[in-house]
Amino acid sequence: MDDLAAAAEALVLEERPLKVLLVAGSARRLDGCPGLDGKARFLMHRMLARLPPAWQADHVDLGNEHGKPKIQGCNGCVGTSMALCVWPCNCYGPDSDHQPDLMWNERLYPRLARADAWAFIGPVWWYGPTTNLKALFDRLVCMSGGNPRPDLIDKKSTLKAQALERSALWPELTRNHLEGRSAAFFCYGNEGGNELDAAGRPRILRHKDWFDPDREPYGGDQRLAYQGLVWQCRYSGIEVPDPLWSHAATGIGRPYADDQADDMALEAAAMARFDAWVDAFVRHVAAKGPVPGTKEAERGAQSTT
């Protein structure tokens with residue numbers, strides 16, 4: 001080992017609390033059309049109570065509220081040029097009066113950057129994640145290789161971005177901006193509740209031959225409904241161990257009116273599944289320790305709009 005490497009090995013590592021961000025991904029909120037909170041919010045608070053008290057736990061609810069900004073859609077800049085997809089997203093900005101964006105109003109880019117690990121909780125809607133969670137991850141395309149220097153492309157010049165991507169400078173700029181963090185996913189669902197008949201087909205379906213339960217997605221492994229989000233993280237250098245990717249069935253066979261957060265709390269098997277997932281998250285994050293460079297990453301995740 002040379003002198004420089006030996007000196008680096010001797011450096012005192014940063015001592016700080018572990019930082020985690022919890023995200024509730026249900027669209028349902030008390031202050032919206034449903035009139036009741038989704039289960040994700042209940043589970044998020046259950047998780048907060050279960051985390052080590054020494055940790056710094058941040059949390060955000062993506063649920064829809066009257067008058068609350070939504071996550072604006074990704075514009076697909078990366079399809080034109082990777083260098084046109086700016087890290088963090090500059091298609092929108094904070095506190096806009098004409099394109100209010102929940103991602104920026106909640107300062108989610110710097111909050112994701114400052115955390116050592118993330119935990120995402122949400123329902124399975126139509127064999128996949130909610131619109132809100134999918135929109136969040138679509139907007140996180142820029143964490144994988146996004147351009148950290150919008151000044152080099154005059155913010156959004158297509159031709160300059162394409163020229164930059166083709167240049168020798170681009171490999172020095174592009175990187176996975178949040179690499180090294182961990183992510184965990186917990187999803188849940190009632191798999192149709194009381195809508196299904198004894199054969200597993202929707203009761204009110206007239207053309208039952210068009211619906212074959214044996215060909216439904218995932219072959220019974222409902223956690224795969226979130227596989228797109230998991231693999232996006234892995235693609236971007238975010239660690240998602242299999243034990244931190246879980247699912248619980250809840251409300252099976254019951255009408256939706258009897259499948260609320262209070263009802264879920266009484267389902268021992270679902271709660272045990274969730275608590276085991278939280279405990280696995282705690283063990284993994286504690287063993288891994290703080291992610292280096294989060295302060296610098298947070299500073300680099302500020303709006304340039």
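Please treat every number below as a calculation from the coordinates, not as lab data. From a predicted model like this one, the values you see are computed outputs, not experimental measurements. Cβ placement follows ideal geometry from the backbone for every residue including glycine, while neighbour counts extend to all protein chains displayed.
Taking the fewest neighbouring Cβ atoms within 10 Å as the starting point, the ordered list for THR130, THR80 is THR80, THR130.
D by Stokes-Einstein for the range 1-157, Kirkwood Rh over Cα pairs, 25 °C, 0.890 mPa s: 138 µm²/s. Across the range 63-104, the relative contact order, built from alpha-carbon pairs under 8 Å that are at least six residues apart, equals 45 percent. Here the extension length gained between GLN162 and ALA269 equals 33.3 nm, from 0.36 nm per residue of separation less the Cα-Cα distance.
Going through [x] 166; [y] 132; [z] 177, the figure that equals volume of the Cα convex hull per residue in Å³ as computed for the structure here is [z].
With r defined as the distance between the Cβ atoms of ALA249 and ARG283 and R0 fixed at 35 Å, what FRET efficiency is calculated, to the nearest 0.05? Efficiency at R0 = 35 Å is approximately 0.90. Summarising the overall dimensions of the range 50-105 from its C-alpha atoms, the Rg and Dmax are 15.3, 46 angstrom. In this structure, the amide hydrogen of HIS247, modeled 1.01 Å from its nitrogen in the peptide plane, lies closer than 5 angstrom to those of CYS187, counting only residues at least 5 positions away or on a different chain. Taking 1.306 mPa s as the viscosity and 10 °C as the temperature, the Stokes-Einstein diffusion coefficient of the range 174-224 based on its alpha-carbon Kirkwood radius rounds to 111 µm²/s.
In this structure, the residue pairs whose Cα-Cα separation is over 25 Å, taken from LYS68/LYS134; LYS70/LYS295; LYS155/LYS288; LYS70/LYS160; LYS70/LYS156, are LYS70/LYS295; LYS155/LYS288; LYS70/LYS160. Ranked by the mean number of other Cβ atoms within 10 Å of their residues, highest first, the peptides 84-92, 207-215, 226-234 come out as 84-92, 226-234, 207-215. The stretch between ARG203 and ARG234 holds 7.3 nm of extra length on full extension. This uses 0.36 nm per residue minus the Cα-Cα distance. The mean sequence distance of close C-alpha pairs (under 8 Å, at least 6 residues apart), as a share of the length of the range 55-181, puts its relative contact order at 33 percent. Each residue of the range 85-95 was assigned a 3J(HN,Hα) from its phi angle through the Karplus curve 6.51 cos²θ - 1.76 cosθ + 1.60 (θ = phi - 60°); the sequence is 8, 8, 9, x, 3, 10, 5, 9, x, x, 6 Hz, with glycine and proline shown as x. With θ taken as phi - 60° and the Karplus curve 6.51 cos²θ - 1.76 cosθ + 1.60 applied, the whole-hertz 3J(HN,Hα) list for the range 259-265 is 10, 10, 4, 5, 5, 4, 4 Hz, x standing for glycine and proline. Going from the fewest other Cβ atoms within 10 Å to the most, the residues VAL23, VAL78, VAL141 appear in the order VAL78, VAL141, VAL23.
Extension gain for the segment GLN227 to CYS33, taken as residue separation times 0.36 nm less the Cα-Cα distance, is 66.9 nm to one decimal.
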